[in-house]
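This report refers to the structure that appears directly beneath it.
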Amino acid sequence: MSIKQNYSRARDGVKRRSAILSRLTLSGLIAAAAVSGVGLMAPTANADTVVLVSTQGDFASWKGNAGSGGVAVSTVSTVSTPTEGGTVNGITNSNPGGTGTAGALAITLPNGMTPTANYAVVASSGYLNWGSTSGSGSSETVTPSALDGVLNSGGTLTFQYTVPAGTTYLNPPLLLVNYPNNYDQLAGTASSTPDANGFYTDTVSLAGINNIAQAELSNSQAGNYVALNLGIILNGVMPAGAVVNVANIEVQTPVPEPATLGLFAAGGVGLLLVGRKQLRGTGAAL
């Protein structure tokens, strides 16, 4: 074999080993990322559903709004129908997971909502407490880790609501999340048509929520009263005596898919094994 042929063969071998090593490097990164739980993609197709408010007992501490200067008056009560809630208490109940009575919140607007008084914090929960049982408006004590984790999950919150007859317009209700040093009003996206029970579904992203756990910690350390208040804000034009029902407030928290992460890891390991075999064929050592 000539010197030129030997040189060409050696050059081809170097190129081949370089290409295989590149594939090995990429496959190693894929495997490492997958095993560490990061992955090249962030699969979140699955979701856990956590019920915040569902039964009549869950809504029992909610209050209306006295109204003043352009803010509509509202009163609240609980009703058994219409509803889409279940009979298991949500995590904001003093007996979470216990058996309750299915129902919904009924928000009544005695004077309606007019173009000059068409905005109201029409319904809000009693204060959900942790770290303290004193303070203005205190009602029930909840497990902070459960509520913090759900509201800071980066998931979505949904609730159902009805539109009363005679309504000129009703914007998708806002979710109010009121806690120390924060007053978040989160806008959602409403379904275009009601379901068989007459309820529309409002979907709210929780991405805009600040870190409630941190607010809780800083206020506890300062010796302050620590509480959180959920609410529904309506904006629209509705006749006197109009009733808006609200039901089934729950959060869908994103959950990575372990099976998909496992496939990434298995694929990366497989590429490593194939690469090692091909390199042995070139005479290179690993």
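Of note:
- Between SER205 and ALA47, the simple label model (points 7 Å from Cα in the Cβ direction) yields a spacing of 1.3 nm.
- For segment 46-255, a crude dipole built from +1 on the beta carbon of Lys and Arg and -1 on the beta carbon of Asp and Glu, taken about the Cα centre, is about 380 debye to the nearest 20.
- In plain terms, the C-alpha convex hull of segment 46-255 casts an average shadow of 11.4 nm² when viewed from every direction.
Computed from the coordinates by the stated procedures, all read-outs in this text should not be read as laboratory data. Computed from a predicted model, the values in this text were never measured in an experiment. A quick note on method: Cβ atoms are made from the backbone with ideal geometry, for glycine too, and the neighbour counts reach across all protein chains shown.
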